[in-house]
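A.B. asks: Encoded as structure tokens, here's the structure I'll be asking about.
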Amino acid sequence: MTATTVALVPPVDLGALSHTPGFPDLLRSEWTKLRSVRSVRSTRWAFGFLVALGVGFTTLLTWVTSAQWDTLPALQQQAVLADPAGQILGSGFQFSQLAICVLGALVMTSEYSSGTIAPSLLAVPRRTPMLLAKAAVFAVVAFVVAEAAAFPAFFIGAAMFRSHIDVSLGDPDVLRAVIGSGLYISVLGAFAIAVGALIRHTAAAITGIIGFVLVLSPLALLLPGSVGAHIHAYLPTEAGQRIAMTTQSTEQLLSPWQGFAVFCAWTLALMVVAAFQLRRRDA
């Protein structure tokens, strides 16, 4: 009669198998998604488009302004002299923000169109951290790319304006305005992520965010009296753009940092609504 040897198998730690990724893990995951061609094929093109628009349009428009300086209306000359840094940055700023709006919406909605949102939410049952990680990674990358465009654009524009006005980074509030342009683009990217999470459909999200940026502000100016002025001043993108300006006229109700705080508050509120909807709706 032979003895049978029974091997004892240690119990399986079900807690280890069901480990929920921490926030650093989510950040690494979202960074991998963002730089993956399979995830968002237009990522590199869109960021390159942002830099090209920021530097290219600044070069073009400041050159045109400088070349036609003697024939410019007096009010336009005064505007440039009052805030040369804002004029330089704004030359390409209005166009480059469109690229970040489109890309921010795509980063979120592409997961729904490709179906990759389901495994992402399966790995992270608490959906809010996934949304925050995606917005954080995209905002940081957007800031770096925006600054890569803002500093060359400023130096090029300052060189072109030198025969009419001397402006440098050492002037009051100029460095803040250059860095502030990147801060605005960064928060705008998170704003676009939140819009994409709410709408989910790529075309609708892009249309909504661009309409929000380009259409609401001119419409608010049509409202009569102080009501229209206050609504216009407190619109998210209108308030946020104040951070990239060096002067404040009597008609502007918010200072640069106040305007940026209003924009951040809008973005945070939209992110809260997007997180709430993400937790309630199916993938």
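The values are calculated or read from the model by the stated rules, or taken from the named source; none is laboratory data. This one's a predicted model, so the numbers in the text were calculated from it and none came from an experiment. Every residue, glycine among them, receives a Cβ derived from its backbone with ideal geometry; neighbour counts consider all protein chains shown. Please note that ligands, DNA and RNA were not included when accessible areas were found on the heavy atoms of the full protein model with its side chains. Shrake-Rupley method; radii C 1.70, N 1.55, O 1.52, S 1.80 Å.
A.B. asks: At 1.4 Å probe size, with every protein chain present, just tell me what the per residue accessible area of the chain comes to in Å². Numbers along the way, then the final one.
C.D. replies: Numbers: 14870 Å² over 283 residues.
Ligands and nucleic acids excluded, the result is 53 Å² per residue.
A.B. asks: What is the percent carbon and sulfur in the accessible area of the chain, measuring with a 1.4 Å probe over the protein chains and ignoring ligands?
C.D. replies: Working: 10070 of 14870 Å².
Carbon and sulfur together cover 68 percent of it.
A.B. asks: While we're here: Would any residue of the stretch 71-113 have its amide N under 11 Å from a label point 7 Å out along Cα→Cβ of ILE165? List them or say none.
C.D. replies: Label zone hits: 76-89.
A.B. asks: Further, regarding this structure: How big is the gap, in Å, between the Cα center of the stretch 175-191 and the Cα center of the stretch 210-260?
C.D. replies: The two parts, judged by their Cα centres, are 16 Å apart.
A.B. asks: Taking a cut-off of 18 Å, what percent of all Cα-Cα pairs in the stretch 181-281 are separated by more than that? Intermediate values should be presented prior to the final figure.
C.D. replies: On the way: 2558 of 5050 pairs.
Tail of the P(r) past 18 Å holds 51 percent of the pairs.
A.B. asks: I need the phi-derived Karplus couplings for the stretch 192-205: 6.51 cos²θ - 1.76 cosθ + 1.60, θ = phi - 60°, integer Hz, Gly and Pro marked x.
C.D. replies: 5, 4, 5, 4, x, 5, 6, 8, 6, 8, 4, 4, 5, 5
A.B. asks: Report the equivalent ellipsoid semi-axes for the stretch 59-128 in whole Å, largest first, defined as the square roots of five times the eigenvalues of the gyration tensor built from alpha carbon atoms. Could you put the intermediate results ahead of the total?
C.D. replies: Values: eigenvalues 431, 29, 10 Å².
Working through the eigenvalues yields semi-axes of 46, 12, 7 Å.
A.B. asks: A follow-up question, please. Using 0.36 nm per residue, how much length does the chain from THR116 to ILE231 gain when fully extended, once their Cα-Cα distance is taken away? Mind dumping the intermediate values first?
C.D. replies: On the way: separation 115, 0.36 × 115 = 41.40 nm, distance 3.89 nm.
Contour length minus Cα-Cα distance gives 37.5 nm.
A.B. asks: Follow-up question, since we're still on this one. Note down the magnitude of the dipole of the stretch 112-212 about its Cα centre, charges +1 on Lys and Arg C-beta and -1 on Asp and Glu C-beta and zero elsewhere, to the nearest 20 debye.
C.D. replies: Numbers: 6 positive and 4 negative charges, 112 e Å.
It works out to roughly 540 debye.
A.B. asks: To the nearest 20 debye, what is the magnitude of the charge dipole of the chain about its Cα centre, counting +1 on the Cβ of each Lys and Arg and -1 on the Cβ of each Asp and Glu?
C.D. replies: 1020 debye
A.B. asks: Shifting gears a bit: Work out Dmax and Rg for the chain from the C-alpha atoms and quote the Rg first, both in angstrom.
C.D. replies: 23.7, 112
A.B. asks: To continue, here is another question. Using each residue's phi in the stretch 170-186, evaluate 6.51 cos²θ - 1.76 cosθ + 1.60 at θ = phi - 60° and report the 3J(HN,Hα) Karplus result to the nearest Hz, with x for Gly and Pro.
C.D. replies: Karplus-based 3J(HN,Hα) across the stretch 170-186 equals x, 5, x, 6, 6, 4, 4, 5, 5, 5, x, 5, x, 5, 4, 4, 4 Hz.
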